[in-house]
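Student: Here's a structure for you.
The values are calculated or read from the model by the stated rules, or taken from the named source; none is laboratory data. The shown structure was predicted, so the numbers you read here are calculated from the model rather than taken from an experiment. As a convention, Cβ positions derive from the backbone with ideal geometry for all residues, glycine included, and neighbour counts pool all protein chains shown. With ligands, DNA and RNA removed, areas are computed over all heavy atoms of the protein, side chains included. Shrake-Rupley method; radii C 1.70, N 1.55, O 1.52, S 1.80 Å.
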Amino acid sequence: SEEEINSYFEENCMINSTADVEHNDGDIKYLGSATECALLLYHNDKNYNQFRKSTNLLSQIPFNSEKKRMSSLIIKDEDIVFLTKGAPEVLLKKCMYMQKGRDIVSITPQIRRNILNEIRKLQVKSMRVLGFAYKVVDRSLLEIAITSNKELDINRNIRSYENNEDLVFGGFVGILDPLRDGVKESIQTAFDAGVDVKMLTGDNINTAMSIGKEIGLLYGGKKVVEATYIDILSEEELRDEIKEISIVARSKPDTKMRIVQALQANGEVVAVTGDGINDAPALSKADVGIAMGISGTEVSKNASDIILTDDSFSTIVEGIKWGRGIYENFQRFIQFQLTVNIVAFVIAVISQIMDTKMPFTTIQLLWVNIIMDGPPALALGLEPVRDYVLKRKPINRHSGIIARSMFVNIIINAILIITIVFTQSAFNILGATSEEQGTVIFSLFAFSALFNALNCREFGLNSTIPNFFKNKLALQIIVVTGIIQIIFTQVFQSFFNSVSLDFDMWIKIILFASTILLSNEFVKLILRTMKNSRTMNFNSKN
């Protein structure tokens, strides 16, 4: 006989489980629940696969987020044993007895309080606590089902034991899941970017609160609640309450779905992360569903829009940064294209109104739009993402892609280019001959468009100087396009209806065209100075 009564702890960890751990040349790959994988690693000295083969598993009920536990029915040493593991406070309600050394004793109210106090000590240390319980079943009750292999009868019996309240509480474990490096900083970055982060977890409220404090979720009086609190709220109440709720403990699939719907009803763009089968409805309902690539199930991956290959929140924040950067690059492209097209249109209209000859030929306009406008505009789409994109609020989903600052820049730069063109046309400040004038105006327009590409790399009052050399490809394309402009104008004179210009004239054209960039920088400097001055005066008054 054994010195102590078997508490079936090993069986509960290794058999009452759907996880696997693969060891490949020192690398460990976790399959399934991270919590169950931790239990398998705890028994690393044992071959859990062999242990599973030596035990007859009759039936199994996977983890249920509603019941907060998982159960299995096994045959072990001629005994039929019902095993269950899950939320300890939930299991305790199903237990009339507890394992105490070799003895099985009744659970008194005082013992129950003592157990819960010990559990709470682990939970406040951000540890995930898992409870274990079992019951040795009267073999005769299941013998007929076992010998006839009636799976339906066996499953019916295991579900009946799940509802029993005379189980033996075998103990509990605390599992510490350390925060990944950079998670707290990433959450703060998300807050700075106007992204509200909420944590919906199956953990106990004490564990959830402890983790929330550690990662900075409980700021500004944000609340921690249990899913049962969400359940009693009406849809209208939830829409109002969810603004102040940062953490939901003992979360359930329907809780997650209701919160997604409430946030969307409030006009929020909602991204949801999930890894389980039960997360699929919320992942599908969210504006952006993000499944875990490592620990996620195939169901959750199929229901999501994005699969996170490293299961890291920091990667989500980095994705937000790149998404905003790509959006800005679209705006740069549009801003550059519209400016050139508006200039061509306005010059044509003015020429028609003034009944004067159009300063450009049709071929010259096509050249500017196809060659001069194309490569530089595409290069703007490769601008590196600016750090400031994560320090501003999100753009409203109903906002147009042409922002107010873009519209102002388009108008100002268009006016500057038109002024440059008509200044040369009216006053010939570059001293071109009558034969050279058409070629000079055409080249001024082309080089003004190229210098305007540099203006379009930044928005608002931001200077182009700090990031001037960060997109080397754009600079190379602009320089190469400028060289091509000079070569083609000099060589294909009949095609472009142009004449050959000397070196000095090309230098003057480039310098005059560059005034669009210099003027922009000068105006931005003045406006930034005025803005900073107003801000300082406002702060001093307050």
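Student: Please label the shape of the chain as rounded, prolate or oblate, based on the square roots a ≥ b ≥ c of the eigenvalues of the alpha-carbon gyration tensor (a/c under 1.5 means rounded; beyond that, a/b larger than b/c means prolate, else oblate).
Tutor: Numbers: a/c = 3.79, a/b = 2.91, b/c = 1.30.
Prolate, since a/c reaches 1.5 and a/b exceeds b/c.
Student: Could you order Phe63, Phe496 so the one with the most accessible surface comes first? Probe is 1.4 Å. Can you show the working numbers first?
Tutor: Numbers: Phe63 120, Phe496 5 Å².
Heavy-atom accessible area, descending, gives Phe63, Phe496.
Student: Which aspartates and glutamates, on any chain, are close to Lys121 with Cα under 15 Å apart, when same-chain ones fewer than 8 places away are left out?
Tutor: Candidates past the 8-residue exclusion: Glu89, Asp203.
Student: What share of the DSSP beta bridges in the chain is antiparallel, in percent to the nearest 5? Don't jump to the answer; show the numbers that get you there.
Tutor: On the way: 38 of 54 bridges.
Looking only at bridges with both residues in the chain, the antiparallel portion is about 70 percent.
Student: Over the Cα atoms of segment 208-259, what radius of gyration and what Dmax do you get, in Å?
Tutor: 10.9, 31
Student: Would segment 311-358 count as rounded, prolate or oblate if I go by the C-alpha gyration tensor, calling it rounded below 1.5 in a/c and otherwise prolate when a/b exceeds b/c, oblate otherwise? Could the numbers behind the result be given before it?
Tutor: Numbers: a/c = 11.68, a/b = 8.99, b/c = 1.30.
Note, shape of segment 311-358 comes out prolate.
Student: Show me the helices of the chain, taken as full DSSP H stretches, that run 24 Å or more along their long axis by Cα and average 0.0 or above in Kyte-Doolittle hydropathy. If you can, show how the numbers build up before the last one.
Tutor: Details: long enough: 313-353 (59 Å, 0.76); 404-427 (34 Å, 1.65); 437-455 (27 Å, 1.24); 472-491 (28 Å, 1.78); 515-541 (39 Å, -0.18).
Helices meeting the criterion: 313-353, 404-427, 437-455, 472-491.
Student: Let me check against my output: what whole-number percent is the relative contact order of segment 43-128, with C-alpha pairs under 8 Å and at least 6 apart?
Tutor: Values: 75 pairs, mean separation 12.9, N = 86.
RCO, segment 43-128: 15 percent.
Student: Would you please give the FRET efficiency between Leu41 and Ser405, computed as 1/(1 + (r/R0)^6) with r the Cβ-Cβ distance and R0 = 41 Å, to the nearest 0.05?
Tutor: Numbers: r = 54 Å, r/R0 = 1.32.
After rounding, the FRET efficiency stands at 0.15.
Student: Right, something else. Taking K and R as +1 and D and E as -1, what net charge do the other residues with C-beta under 11 Å from the C-beta of Arg250 add up to?
Tutor: Working: positive: Lys68, Lys252; negative: Glu66, Glu89, Asp203, Glu226, Asp231.
In short, -3.
Student: Next up: Can you give the percent of C-alpha pairs in segment 192-337 whose distance is more than 22 Å?
Tutor: For segment 192-337, the share of Cα pairs beyond 22 Å comes to 44 percent.
Student: Counting only Cα, what are the radius of gyration and maximum Cα-Cα distance Dmax of segment 54-119, in Å?
Tutor: According to the Cα coordinates of segment 54-119, Rg and Dmax are 13.9, 39 Å.
Student: Further, regarding this structure: How many percent of Cα pairs in segment 335-480 exceed 26 Å?
Tutor: Details: 3313 of 10585 pairs.
It works out to 31 percent of all Cα pairs.
Student: Another question, then. Of all the C-alpha pairs in segment 153-215, what % are more than 13 Å from each other?
Tutor: Values: 1491 of 1953 pairs.
Across segment 153-215, Cα pairs with separations above 13 Å total 76 percent.
Student: Still on this model: Given that compact globular proteins tend to follow 2.2 N^0.38 Å, what is the ratio of the alpha-carbon Rg of segment 319-393 to that value? Intermediate results must be reported in sequence, preceding the final value.
Tutor: Numbers: Rg = 17.0 Å, N = 75, 2.2 N^0.38 = 11.3 Å.
Dividing the Cα radius of gyration by 2.2 N^0.38 Å gives 1.50.
Student: Within the chain, what whole-number % of the accessible surface is contributed by carbon and sulfur, with the 1.4 Å probe and all protein chains included in the calculation? Walk me through the intermediate numbers first.
Tutor: Numbers: 16470 of 28370 Å².
The nonpolar share, carbon plus sulfur, comes to 58 percent.
Student: Counting only protein chains, not ligands or nucleic acids, how are Phe427, Phe9 ordered by accessible area (probe 1.4 Å), most first? Don't skip to the answer; put the middle values down first.
Tutor: Values: Phe427 150, Phe9 60 Å².
If we order Phe427, Phe9 from most to least accessible, we get Phe427, Phe9.
Student: Students sometimes get this wrong: rank Phe313, Phe169 by accessible area, probe 1.4 Å, all chains present, largest first. Don't jump to the answer; show the numbers that get you there.
Tutor: Numbers: Phe313 60, Phe169 5 Å².
Final ranking, largest accessible area leading: Phe313, Phe169.
Student: Modelled label-to-label distance, Arg113 and Thr419, 7 Å Cα→beta-carbon offset: nm?
Tutor: For the pair Arg113/Thr419, the computed spacing is 8.3 nm.
Student: While we're looking at this one, here's another question. Within segment 264-290, name every residue whose backbone N is under 17 Å away from a label modeled 7 Å from Cα of Trp322 along the Cβ vector.
Tutor: Residues passing the 17 Å test: 289-290.
Student: Please give the contour-minus-distance gain from Leu475 to Glu22: 0.36 nm per residue of separation, less the Cα-Cα distance, rounded to one decimal in nm.
Tutor: Details: separation 453, 0.36 × 453 = 163.08 nm, distance 4.97 nm.
Additional length available on full extension: 158.1 nm.
Student: Take every Cα pair under 8 Å in the chain that's 6+ residues apart, average their separations, divide by the length, and report that relative contact order as a whole percent.
Tutor: Details: 771 pairs, mean separation 52.0, N = 542.
It rounds to 10 percent for the chain.
Student: Calculate I(q)/I(0) for segment 13-81 by the Debye formula, one identical point scatterer on each C-alpha and no solvent, and give its log10 at q = 0.20, 0.24, 0.25, 0.28 Å⁻¹ to two decimals.
Tutor: -0.88, -1.14, -1.19, -1.32
Student: Run a plain Debye calculation on segment 413-454 (Cα atoms as equal point scatterers, no solvent) and give log10 I(q)/I(0) at q = 0.31 Å⁻¹, rounded to two decimals, same order as the q list.
Tutor: After summing over all Cα pairs, the log10 values are -1.08.
Student: Bin width 10 Å, alpha-carbon pairs only: give the P(r) of segment 1-116 as whole percents, running from 0 to the bin holding the largest distance.
Tutor: Bin by bin from 0 Å, the calculated values are 12, 38, 36, 13, 1, 0.
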